[in-house]
Amino acid sequence: MELPPELTVFYALALALGFGKLFEEIITRTRYPPVLGDLIAGLIIGSSVLGIYIVDDTVKALAWFGVTILLFYAGLTTRYSEFVRLLPIAGIITIGEALAAFSMGFIIGYVLGYGILGSFFLGAILEATSVSLTIRTLIELGKLDTIEGHTIMEIAVLDDLASLITISIGASIVAMAAFTAVDVVLAIVKCVAVWSLLVFILHRISRYIIGIVSKMHIEEAMISFLIALFAASAVLVGLTGVSPLVGAYAAGLALSEAIGLREVRDSIRKLAIVFSTIFFVTTAAQLDIRAALRLEYLTLYILMVAAAFAGKMLGAGLTTFIMGFPIRSVLRIAVGLFPRCEFAIIAAYTAMSFKVLGPEAYFAALIIVIVTNLATPPLLKIVFAGREYEEVRIRLRKIVLRKTPVHAHA
């Protein structure tokens, strides 16, 4: 079907939101993350099945806006002071589990002949964790307010940032068209420096900005200025060669403790839920399953799924064990970090967009999302059977269970 350019975006909105929300409802009734419904909807209306979803540059831009505002909201829900507090302990565990998962993906890609850059993005696909399903399962089991539940939530906050920076580093390296040790170090330094500087500056001036805007009498002034600020941050970060996604997350985190943002945060959440649906539907719609379902890719799929579990078990398990967590806690934390979702898809789609990887990488990410989300709830029920700990003495300090749950976002 050919449509005038000005109608394509409306056509995409109608299909993405209509089919996306319909399948979200179906998936939600099975008690799994609704984003799985978006991905299934995209596969059905996209090139793999019906072929009725049109993806042009305008639709792609709208999709990227959707995932960017989703990350802005993620930053808003991560309290700045809480983020700083988590760095000593959760930061060490996050480095261990993220590095192990990433390394497994990188090794798989390199052994299978994907080259250094393709292997880098395969590692990025495996690195990210999405613990929304874990948190909901722990709530149902009555185990969220445990040492392990708190630790899982704390790691999730930092894991998003680690995954985001990894994806941004890959994008920066693609832009530089080089992949040497020096290039990687420069990309890491640039991403971390740009993100840190933006968070620091915006956090310092956020109360003044919010104070001025709150005194305005025009309608929806606060949400308008917040979106303007988030968009400006994305542009500024993008001009430095770092992914705009980093700027969006940084802006949200910097503004997360500004007074009087509760109602505005709810409005941003609604926007993020609506427009992120377009992103996930659009990414899945571009996948050609026929090209991905080839026998030559079977080894990749098997190894990536196995590494999705082994990476977190090895990284989070070994790190927490070395730090002094009991074996039972080690297993609980590792299993709680199994699920993958949004960032795995973002990493795969970014690699496909840059033509670094083909459709098989996206399909591998899709399989990983489905398998890890199906397997985690029953595994959590098994490892959380038995007694709980009121405190855990680790290498840096003693963790004592707090009865007020730590905030975390998935």
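The values are calculated or read from the model by the stated rules, or taken from the named source; none is laboratory data. The shown structure was predicted, so the numbers you read here are calculated from the model rather than taken from an experiment. Neighbour counts are summed over all protein chains in view; Cβ atoms, including those assigned to glycine, are modelled from backbone coordinates with ideal geometry. The protein model used for the area step is the full one, side chains on, heavy atoms only, and it has no ligands, DNA or RNA in it. Shrake-Rupley method; radii C 1.70, N 1.55, O 1.52, S 1.80 Å.
Pairs needed: first member in the stretch 208-229, in contact (Cβ under 8 Å) with a residue 40 or more places away in the chain and farther than 20 Å from Ala272 by Cβ; second member anywhere, among the small types (Gly, Ala, Ser) and open to solvent by 30 Å² or more (accessible area, probe 1.4 Å); C-beta distance under 7 Å; at least 6 residues apart or different chains.
What qualifies is Ser214/Gly260.
Based on this model, can you work out whether Val84 counts as open to solvent by 20 Å² or more (accessible area, probe 1.4 Å), assigned to a helix (DSSP H, G or I) and under 19 Å from Ser243 (Cα atoms)? It would help to see each step written out before you state the result.
Working: open to solvent by 20 Å² or more (accessible area, probe 1.4 Å): yes; assigned to a helix (DSSP H, G or I): yes; under 19 Å from Ser243 (Cα atoms): no.
Criteria not met by Val84.
Please specify each residue of the stretch 123-158 satisfying the condition of being assigned to a helix (DSSP H, G or I), crowded, with 24+ Cβ neighbours inside 10 Å and polar (S, T, N, Q).
Listed by number, the residues that qualify are Thr134, Thr151.
Is it true that Ile345 is at negative phi and open to solvent by 20 Å² or more (accessible area, probe 1.4 Å)?
Taking the combined requirement at face value, the residue does not satisfy it.
What tally of residues in the stretch 1-50 results from selecting those that are assigned to a helix (DSSP H, G or I) and without any contact (Cβ under 8 Å) to a residue 24 or more places away in the chain?
Counting residues in the stretch 1-50 that are assigned to a helix (DSSP H, G or I) and without any contact (Cβ under 8 Å) to a residue 24 or more places away in the chain gives 12.
Do any helices (runs of 4 or more DSSP H) entirely within the stretch 309-410 hold 1 or more residues that are closer than 30 Å to Ile273 by Cβ, within 16 Å of the chain's Cα centre (by Cα) and at pLDDT below 90, and if so, which?
Values: elements: 327-336, 342-353, 359-383.
Passing ranges, in order: 342-353.
Please indicate, with yes or no, whether at least one residue in the stretch 63-77 is open to solvent by 50 Å² or more (accessible area, probe 1.4 Å) and within 15 Å of Met153 (Cα to Cα).
No: the stretch 63-77 contains no residue that is open to solvent by 50 Å² or more (accessible area, probe 1.4 Å) and within 15 Å of Met153 (Cα to Cα).
I'd like the full set of residues that are at pLDDT below 95, open to solvent by less than 40 Å² (accessible area, probe 1.4 Å) and in a helix (DSSP H, G or I), limited to the stretch 285-307.
Within the stretch 285-307, Ile289, Ala291, Ala292 meet the criteria.
Only one of Leu271, Leu226, Leu293 is closer than 22 Å to Gly123 by Cα and out of contact with any Lys or Arg (no Cβ under 7 Å at 6 or more places or on another chain); which?
Every option except Leu293 fails the conditions.
Pull up the stretch 23-48, narrow it to residues that are within 18 Å of Thr283 (Cβ to Cβ) and out of contact with any helix residue (DSSP H, G or I) (no Cβ under 6 Å at 6 or more places or on another chain), then point me to the one that is surrounded by the fewest Cβ atoms within 10 Å (Cβ to Cβ).
Ile44
Can you confirm whether the stretch 92-105 contains a residue that is part of a loop (DSSP other than H, G, I, E, B), of a type in the set (A, V, I, L, M), open to solvent by 20 Å² or more (accessible area, probe 1.4 Å) and on the phi < 0 side of the Ramachandran plot?
The initial filter retains those residues of the stretch 92-105 that are part of a loop (DSSP other than H, G, I, E, B), namely none.
No, every residue in the stretch 92-105 fails to be part of a loop (DSSP other than H, G, I, E, B), of a type in the set (A, V, I, L, M), open to solvent by 20 Å² or more (accessible area, probe 1.4 Å) and on the phi < 0 side of the Ramachandran plot.
Does the stretch 106-119 contain at least one residue that is within 30 Å of Pro359 (Cα to Cα), touching a residue at least 12 places away in the same chain (Cβ under 8 Å), in a helix (DSSP H, G or I) and under 18 Å from the mean Cα position of the chain (by Cα)?
There is no residue in the stretch 106-119 that is within 30 Å of Pro359 (Cα to Cα), touching a residue at least 12 places away in the same chain (Cβ under 8 Å), in a helix (DSSP H, G or I) and under 18 Å from the mean Cα position of the chain (by Cα).
Collect the residues in the stretch 121-150 that are polar (S, T, N, Q) and out of contact with any Cys (no Cβ under 9 Å at 6 or more places or on another chain), keeping them in residue-number order.
Passing the criteria: Thr134, Thr137, Thr146.
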